[in-house]
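The values are calculated or read from the model by the stated rules, or taken from the named source; none is laboratory data. A quick note: this is a predicted structure, and the numbers were derived from the prediction, not measured. Quick reminder, even Gly has a Cβ in these numbers, built from the backbone with ideal geometry, and neighbours come from all protein chains shown. Note: areas computed on protein heavy atoms with side chains; ligands, DNA, RNA excluded. Shrake-Rupley method; radii C 1.70, N 1.55, O 1.52, S 1.80 Å.
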Amino acid sequence: MAASVKSLVSELANRGPHRVQRGNMAIAGQPGVVFTPAEGLGLPAVAFGHGWITNVDNYRSLLEHLASWGIVVAAPSSERGPFPSHLGLATDLRTTLDICVGVRLGSGSISVHPDKLAFAGHGMGAGAAVLAAAKYPGVAAVAALFPAPTSPPSEAIAPEITVPGLILAGGKDMKAVDSNATTLAAAWGGDSILRSVDKATGNGLLEGRRVLGNLGYGKAEKKTQKTARALLTGFLLYTLAGEKKYEKFAEPDIDIPKTQLVDPLAEDEPEQKKSPLALLTGRF
């Protein structure tokens, strides 16, 4: 009997069966980190873009989690200042995937399959992942976690993306001006899934301490992180690795606990309000 969605979410919220290794991409010319299973050939890989004024270390548990489920995940450490280039981060994401495909990782016992590639990101990194995917033939999936507006707008590029997309939004702030999850999903060229995570804020995905967190904004939300890990892992295991057990995570009409499916085309255009983080930073 097939496992229920609830049991699969519970399974994927916990670490997978693989031992995890960490590496430094700087030796290949791109500052950043890479996490891999201890061994494996022809593995899926995802390049992950960080959010505004954040460090890749703020996603360490998420990146390690994906690697523990057999996915190579690499995150460039660039464009971390207050005035980043979103196109620059997108370029670095593409370079990151090129490194994953072109370089034997670990001690040479780990390789990536060129047909099992994805871009993912958080906040502005989610938008950069969309920008990167539009210029990267062969990418198999894109995941935008709590996306924020970019320049150029990721929703203007999204019609060019014909591969499956997973878009997560915070239930508390998906209608704020610093979230473009609805317009991004509405513009997607291929099949996309838009889910709001109950009681979540976009910056709740961040781990550990950060400057704005000390001021009371963008604090870590353990439940948000747990739910996002499960949804992202299941989506990638199906779209990249072809594991049919997790097919429900890539279907647009499946109810998943602690989330709500959102139809972006049925959404009325509300009067958008600034989130507390936007008020603090002056982001529009």
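If the condition is being among the small types (G, A, S) and either open to solvent by 20 Å² or more (accessible area, probe 1.4 Å) or under 16 Å from G204 (Cβ atoms) (or both), then segment 43-73 contributes G51, S61.
Does at least one position in segment 33-41 carry a residue that is of a type in the set (F, W, Y), open to solvent by less than 50 Å² (accessible area, probe 1.4 Å), in contact with a strand residue (DSSP E or B) (Cβ under 7 Å, 6 or more places away or on another chain) and under 22 Å from K226 (Cβ atoms)? Within segment 33-41 (the criterion being of a type in the set (F, W, Y), open to solvent by less than 50 Å² (accessible area, probe 1.4 Å), in contact with a strand residue (DSSP E or B) (Cβ under 7 Å, 6 or more places away or on another chain) and under 22 Å from K226 (Cβ atoms)), the answer is yes, since at least one residue qualifies. Among the criteria (1) out of contact with any helix residue (DSSP H, G or I) (no Cβ under 6 Å at 6 or more places or on another chain); (2) over 30 Å from A266 (Cα atoms), the one G171 does not fulfil is (2). Summed over segment 249-266, the residues that are exposed (fewer than 13 other Cβ atoms within 10 Å of the Cβ) and small (G, A, S) give a count of 1. Within segment 30-56, the set of residues being assigned to a loop (DSSP other than H, G, I, E, B) and either without any contact (Cβ under 8 Å) to a residue 60 or more places away in the chain or under 11 Å from I71 (Cα atoms) (or both) comprises P31, A38, E39. Evaluation of G125 against the conditions (1) open to solvent by 10 Å² or more (accessible area, probe 1.4 Å); (2) assigned to a helix (DSSP H, G or I); (3) modelled with pLDDT of 95 or more shows that the sole unmet condition is (1). Taking each residue of segment 74-90 that is closer than 18 Å to Y136 by Cβ and modelled with pLDDT under 95 and looking for partners that are open to solvent by 60 Å² or more (accessible area, probe 1.4 Å) and assigned to a loop (DSSP other than H, G, I, E, B) with beta-carbon atoms closer than 9 Å, six or more apart or interchain, yields S78/P31. Selection over segment 153-204 of residues that are out of contact with any Leu (no Cβ under 8 Å at 6 or more places or on another chain), modelled with pLDDT of 95 or more, part of a helix (DSSP H, G or I) and of a type in the set (G, A, S) gives a count of 2. T96: closer than 21 Å to A128 by Cβ, open to solvent by 50 Å² or more (accessible area, probe 1.4 Å) and either at pLDDT 95 or above or among the hydrophobic types (A, V, I, L, M, F, W, C) (or both), yes or no? So T96 does not fit the description; no.
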